[in-house]
Amino acid sequence: MATFAVILAAAGKSTRFQSKGAEILGTGPQKKPFMDLKGRAVWTRSAEIFSNREDVKQLIITVAEEDIEWFKQKFRPNLAFMDIEIVPGGKERADSVQNALARVKADIDYVAIHDAARPLITDKWVGELFTAVEKSDAVIPAIRISSTLKRVGKDRRIQETVDRTDLWAAQTPQVFKRQLLLDAYAQAGEMQPTDEAQLIENMGYPVTIVEGSPLNQKITTAADFRMAEALLNALPKPKGIRALHPFADEEPRGIL
């Protein structure tokens, strides 16, 4: 059985996210991965999916260095039930992922990187990606662009309509052969990619698309958060997978 390490990227500044208020997180940082989403923090909903998989042998989360002590205190019960390593984040997302990648064990076959602010992930989708990467070494989930695209100037006037043929919107988790990802970061130079696939592309190595789901949305704004609350009920509810926390704060059921 192939082995996987999973890196949850949670060290961002959430500058575009307007929080729901200090009454949710107390005096801690008002950042999207830490918000309570119907009984569980956003980041834990993703972490639980990966922690319940036998092929995931290492789970790492990147947290901004100034938030680490608060994070440990706030989520102590969750961390106690998950074998998860906390790694300090860097200045940019790619720096944070590279910090975590350096901690991945040498006997791991593949590495998955997932946005901690993308909580609407399912075990089925993860399984499809993990199966696909064993055939092509580099895969990402993505969905076809269905809307009409407009290129707009700084004055907010339309400059042109962009041909959407062959355009896809990238998602996470993005999964790569461990050594391939290490090589990609080693060759990155000053490049600041918006995702790991861009680094692989930069080497000239092919990245395969696995069709994702429109439900696998990333929380960027308060409106996204409200959408995620609504979409939770639309996700499949697999049996036998339970939330990894010690408190009965939800009715008995499989995790979403």
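Report, largest value first, the span of the C-alpha coordinates of segment 68-131 along each principal axis, in whole Å.
Here the Cα extents, ordered largest to smallest, are 36, 25, 24 Å.
Does segment 121-215 come out rounded, prolate or oblate by the C-alpha gyration tensor, with a ≥ b ≥ c the root eigenvalues, rounded set by a/c under 1.5 and, if not, prolate when a/b is larger than b/c and oblate if not? Before the final figure, lay out each step's value.
Working: a/c = 2.63, a/b = 1.41, b/c = 1.87.
Oblate.
At 222 nm, what helix-only mean residue ellipticity would the chain give, in deg cm²/dmol to the nearest 500, using -39500 (n - 2.57) for each DSSP H run of four or more?
After summing the helix terms and dividing by residue count, I get -8000 deg cm²/dmol.
Counting only C-alpha contacts under 8 Å and six or more residues apart, can you give the relative contact order of segment 149-237 as a whole percent?
Once divided by the residue count of segment 149-237, the mean separation gives 16 percent.
What aspartates and glutamates does Lys57 reach when the alpha-carbon gap must be under 14 Å and sequence neighbours fewer than 8 apart in one chain are set aside?
Glu48, Asp83, Glu85, Asp107, Asp109
Beyond 31 Å between alpha-carbons counts as too far, so tell me which of Lys38/Lys105; Lys177/Lys218; Lys154/Lys218 fall in that bin.
Lys38/Lys105
So what is the relative contact order of segment 122-167, in percent, for Cα pairs below 8 Å that sit 6 or more residues apart? Provide the component values of the computation, followed by the final result.
Numbers: 32 pairs, mean separation 12.1, N = 46.
The value is 26 percent.
Using only alpha carbon pairs under 8 Å that are at least six residues apart, calculate the relative contact order of the chain and give it in whole percent.
Reported relative contact order: 23 percent.
Need the list of aspartates and glutamates near Lys150 for cross-linking: C-alpha distance under 14 angstrom, and skip anything on the same chain fewer than eight residues off.
Once the sequence-local aspartates and glutamates are set aside, what remains near Lys150 is Glu160, Asp163.
Restricting the count to DSSP beta bridges whose residues both fall in the chain, what percent are antiparallel, rounded to a multiple of 5?
Details: 15 of 36 bridges.
Once the DSSP bridges in the chain are tallied, antiparallel ones form about 40 percent.
None of the figures in this text is laboratory data; all of them are computed from the coordinates on show. Bear in mind that the values here come from a model prediction, so they are computed numbers and not experimental data.
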